[in-house]
Amino acid sequence: MKENGQKRLAILGATGSIGLQTLDIVRQHPELYRAEVLSAGRRVEELIALCREFRPRLAVIGRRELEPRLREALAPLGIRVASGPEALCEAAEAPDVDMVVTATVGYSGLEPTVRAIRAGKEIALANKETLVVAGEYIRRLMAEHPEAKIYPVDSEHSAVAQCLAGETPESVRRLIITASGGPFRTWDAARIAKATAADALKHPNWNMGAKITIDSATMMNKAFELIEAHYLFDIPADRIEAVVHPQSIIHSMVEFKDGAIKAQLGVPDMRLPIAYALGRSTRLGGVSEALTLEKMANLTFEAPDEAKFPCLGLARLCLERKGTTACTVNGANEIAVAAFLEGRIAFGDIFRTIAGTLERASFIAEPTFEDYVASNAESRRIAAEEIGRRGI
Ligand code: MG
């Protein structure tokens, strides 16, 4: 903490949806938070604009070729500039950072999170892929570094954390993770198979980045969240389930051994879970719009349809096999989603690409960090071949 009580944040992925909403909270509460480090992958002009407003000590751009542009714009302001993946890791472990907000997309979040844990940081974890890819490794690392703390930003996991506050682990019977069902919930399988990127990007309740919106349409996002919940809360996989709740008002629930169910409700606004994580599980006033009784009048629930959304079933496979399985699934999914967004494959090919990659990829039961790196690279290579083989 700075002497004036401000918590110093490193916001990794500052130009994305979660990064910008985190900065909304910093803007509203400069007495509580200061953006010490801001990073972006490739949106250099947006990063420059944010740096002009928030005046961080350090700005990091993922793409090295964009560093000169960043330097030219920020040098006159006295802001240090760096680029590339190693610079992002160094930012995550910098001594003048109190909390790291991991809001980068996909696998790229893994190493900065690992470095932040090793440096004993508080982490507001928005990058769910970190726990999906390397959940067992992250759990071991957290046990070795008890001073490091993870506060979930994902709305479902924030909801579970809020429900678990004041409870003991022995009293938990099951976690019920809610899912909106995405834009294709009411479509039939034939229509879903032919869905376009424009169709899939129309999420009914949440306004998010492109990658997670496609993951919501395939329900891969929910599969990832079941895996994330297992590693965050240490609950066996057979006691974590997904339920479709199209209104996205209940953000998740916990059932206890006496039969009670606690739920966290709120309007769909990510600033609520972000503020709860930034405040280390404490509440900040005026964060999101209040939930009216009218908005709670029609809450419905249905079982997810795994035949229509086969990606959801991959959660079970990943948690049964463990090892590098989820790392392989994640790598293939990232390649397939990028290909779908570019119009190179059909919606139904996303699952086929992942399944084809899983058949061919090697499996390591007890991976080291380097094994995850190798498994991710192998998965991406095989997925690209699978897509090429389809000849689309
Ligand atoms: Mg979520």
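What the table shows:
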| read-out | value |
| --- | --- |
| Theoretical FRET efficiency, 1/(1+(r/R0)^6), r = Cβ-Cβ of Leu201 and Ala303, R0 35 Å, to 0.05 | 0.85 |
| Ellipticity estimate at 222 nm from DSSP helix runs (n ≥ 4, -39,500 (n - 2.57)) divided over the chain, nearest 500 | -13500 deg cm²/dmol |
| Whole-percent carbon and sulfur share, accessible surface of the stretch 323-392, 1.4 Å | 54 |
| Listed peptides 256-268, 301-313 by packing density, highest first (mean Cβ within 10 Å) | 301-313, 256-268 |
| Distant-in-sequence amide H partners of Tyr151 (H built 1.01 Å from N, under 5 Å) | Ile123, Ala124, Leu125 |
| Spin-label proximity, Met296 to the stretch 141-165 - amide N less than 18 Å from point 7 Å beyond Cα toward beta carbon | 159-160, 162-164 |
| Peptides ranked, highest mean first, by Cβ atoms within 10 Å: ranges 16-24, 41-49 | 16-24, 41-49 |
| Bins of 5 Å, starting at 0 and running to the largest distance - Cα pair percent for the stretch 231-368 | 2, 8, 12, 14, 15, 17, 15, 11, 5, 2, 0 |
| Sites Leu317 and Ala75, calculated FRET efficiency, Cβ-Cβ separation with R0 35 Å, nearest 0.05 | 0.10 |
| Å² per residue, accessible surface of the chain at 1.4 Å | 42 |
| From the C-alpha gyration tensor of the stretch 154-311, square roots of 5λ in Å | 26, 19, 15 |
| Cβ-placed point charges (K, R +1; D, E -1), dipole of the stretch 212-316 about Cα centre in debye, nearest 20 | 300 |
| ³J(HN,Hα) computed for each position of the stretch 277-290 - Karplus, 6.51 cos²θ - 1.76 cosθ + 1.60, integer Hz, glycine/proline x | 6, 4, x, 6, 6, 10, 10, 10, x, x, 6, 9, 4, 6 |
| Mean separation of Cα contacts under 8 Å, 6 or more apart, over the residue count of the stretch 240-337: relative contact order % | 26 |
| Bins of 10 Å from zero: percent of alpha-carbon pairs in the chain | 5, 23, 33, 27, 11, 1, 0 |
| Fraction of beta bridges assigned by DSSP in the chain that are antiparallel (%, nearest 5) | 25 |
| Relative pair counts by distance (%), Cα atoms of the stretch 323-392, 10 Å bins | 25, 52, 19, 4 |
| Accessible-area composition of the stretch 133-235, carbon plus sulfur, in percent [1.4 Å probe] | 53 |
| Electrostatic dipole magnitude of the chain [Cβ: Lys, Arg +1; Asp, Glu -1; Cα centre; debye, to 20] | 600 |
| Overall dimensions of the stretch 7-152 as given by Cα atoms, namely Rg and Dmax in Å | 14.3, 45 |
| Estimated vicinal HN-Hα couplings, Hz - the stretch 217-224 in sequence order (Karplus 6.51, -1.76, 1.60; Gly, Pro = x) | 5, 7, 6, 4, 4, 5, 4, 4 |
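The values are calculated or read from the model by the stated rules, or taken from the named source; none is laboratory data. Keep in mind that this is a model prediction, so the values were computed, not measured. Cβ sites come from the backbone with ideal geometry, for glycine too, and all protein chains shown count toward neighbours. Protein only, heavy atoms only, side chains kept; ligands, DNA and RNA dropped before computing areas. Shrake-Rupley method; radii C 1.70, N 1.55, O 1.52, S 1.80 Å.
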